[in-house]
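Reviewing the structure listed below.
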Amino acid sequence: MSKKPFIIIPAFNEEKTIKKVVKSIKRHCKNIIVVDDGSFDNTYKQAKKSGAKVIKLETNKGYDQALEIGFEYAIEKNATSLISMDGDGQHPTEFLPIMISYVEDQKYDLVIGIRKKLPRISERIFAYITNLRYSIKDITCGMKCYKASLFKKYKFRNNYNSIGTFLSLISISNGYKFKTIKVPQNKRLDSSRYGTNLFSELKIIWAMFKSIYFLLW
């Protein structure tokens, strides 16, 4: 089967950055899906102008469900690997060829980006546990590359609000081959969809609680 990587970007109110992000990705991958997760700004229009395939959700479904919808569409288009990225411009697109190569050419099932600095206390706690259990220092990084077969096998099982960690954790806990790579962070040009307040910290702690099976066994 020929290689066919897809980039999937869940986007919520990211009109300021999404066009620039898509154009940057195009230098490395032509298959780009933006899932507009019920934005009430011009995210959809800006994503369309960039030339990406845009899936418009009428209401906000949340990061995981938006990501799953994008993954499902990519699978329908015979994707061989699935790369999740954020639409805020923080993820370095020049690392895409490296991540894709590990999955498509070097037989890894999963590649996880590792940020140098985690902005939230809850993320640091999550990272501490996953580092002890699996030697992964940043499980909540939104930049990951999956072999398409992993998603076909596990889906998300309606395990929403895992902030993008469910598929990684279930794959790793079942012995699939993974690799971590350090990725620098570009400066954020807009606000995080999760924010940095108490509510966002609690969402990540809840995701960690839901993942406790994978973290302790």
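Would you mind counting up the charge near G38? Only other residues with Cβ under 10 Å from its Cβ, with Lys and Arg at +1 and Asp and Glu at -1.
Charge balance in the 10 Å sphere: -1.
222 nm [θ] for the chain, helices only, -39500 (n - 2.57) per DSSP H run of 4+, per residue, to 500?
-11500 deg cm²/dmol
Restricting everything to alpha-carbon atoms, can you work out Rg to Rh for segment 48-121 with a Kirkwood hydrodynamic radius?
0.98
Excluding residues fewer than 8 places away in the same chain, name every one of the lysines whose C-alpha is closer than 25 Å to that of K152.
Reachable lysines: K3, K4, K30, K53, K56, K61, K77, K107, K144, K177, K179, K210.
So what's the net charge close to K3: Lys and Arg +1, Asp and Glu -1, counting the other residues with Cβ under 14 Å from its Cβ?
Its environment carries a net charge of +3.
Sorting E15, E123, E94 by accessible area (1.4 Å probe), largest first, what list results?
E94, E15, E123
Report the gain in length on full extension from R27 to L132: 0.36 nm times residue separation, minus Cα-Cα distance, nm rounded to one decimal.
Extending this stretch completely gives an extra 34.1 nm.
How much accessible area per residue does the chain have, in Å², with a 1.4 Å probe?
Accessible area per residue, the chain: 49 Å².
Just subtract the alpha-carbon distance of K179 and I212 from 0.36 nm times their residue separation and send over the number in nm, one decimal.
9.7 nm
Could you check how much of the accessible area of the chain is carbon and sulfur, as a whole percent, using a 1.4 Å probe?
53 percent
In whole angstrom, how long is each semi-axis of the equivalent ellipsoid of segment 1-158, when you take the square root of 5 times every eigenvalue of its Cα gyration tensor and sort them from largest down?
23, 20, 15
What is the local net charge at Y128, summed over the other residues whose Cβ is closer than 13 Å to its Cβ (Lys, Arg +1; Asp, Glu -1)?
+2
The values are calculated or read from the model by the stated rules, or taken from the named source; none is laboratory data. The shown structure was predicted, so the numbers you read here are calculated from the model rather than taken from an experiment. All Cβ positions, even for glycine, are placed from backbone atoms using ideal geometry, and neighbour counts span all protein chains on display. For the accessible areas, the whole protein counts, side chains as well, though only heavy atoms, and no ligand, DNA or RNA atoms are used. Shrake-Rupley method; radii C 1.70, N 1.55, O 1.52, S 1.80 Å.
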